[in-house]
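Colleague: Here's a structure for you.
We did not get these values from a lab; they are worked out from the coordinates using the rules stated. Predicted, not measured: the structure shown is a model, and the values here were computed from it. When we count neighbours, we look across all protein chains shown, and the Cβ atoms used for this are built from the backbone with ideal geometry, even at glycine.
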Amino acid sequence: MYTGIVLGTTVGAGPCARPGACPQEVPVRAEDVHVHNPDRTPQESVQPRRRWINLLLGSGVVASIVAFLYPALEYILPPPVAESTSRFVVAAKVDELKNNSGKVFKFGSKPALLVRTAEGGYLAFSAVCTHLNCTVQYRPDLREVWCACHNGLYDLEGRNVSGPPPRPLEKYEVHVQGEDVVVTRNA
């Protein structure tokens, strides 16, 4: 307990009946004293509640943004496709292709091209153009492999003949096993 000056008593009441008699010293307990802090604003007592509401609202906004962006990104970005571990695939049946024709088939996750030459032999290449990864096709009128994207041409050995393709096509081995035409990837 300490003694201090009590302010705010009314003149004419009690011990302060005459002017100038107050203030007076009276015993005061520390918990009864309210010290005015000019640095503290009235809103500071509301701050914990405000922070909690801001946290809830901010979390809701972030959750809404994520709920919108996640499906959009899943739609835009394709899922990774594992490359086939198989080194061979049945590309066609023996009687499926006529002489001087071609067929695009799937070799793992990428397209490949099977060509039956005018003489009746089989050739196989990767059907992915080495320029911009477009799918190539066999042109029987030219007897060459053609990329429609930028008019690139490859000969029947897979070498780039004209146009923008910088490298030859990857060549695959072809074997006839019974009625099946089997294409094998080089090791």
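Colleague: Under a point spin-label approximation (7 Å from Cα along Cα-to-Cβ), what is the Tyr70-Thr117 distance to one decimal in nm?
Modeller: Simple spin-label model gives 5.7 nm for this pair.
Colleague: I've got another one for you. For region 88-184, what does the relative contact order come out to in percent, with C-alpha contacts under 8 Å and a separation of six or more?
Modeller: Relative contact order of region 88-184: 27 percent.
Colleague: Can you tell me which lysines have their Cα less than 17 Å from the Cα of Lys106? Leave out same-chain residues fewer than eight positions away.
Modeller: Lys93, Lys171
Colleague: Between beta-carbons, use under 14 Å as the cut-off and find the net charge around Asn133, counting Lys and Arg +1, Asp and Glu -1. The partial results should precede the final answer.
Modeller: Working: positive: Lys110, Arg167; negative: Glu170.
Surrounding charge for Asn133 is +1.
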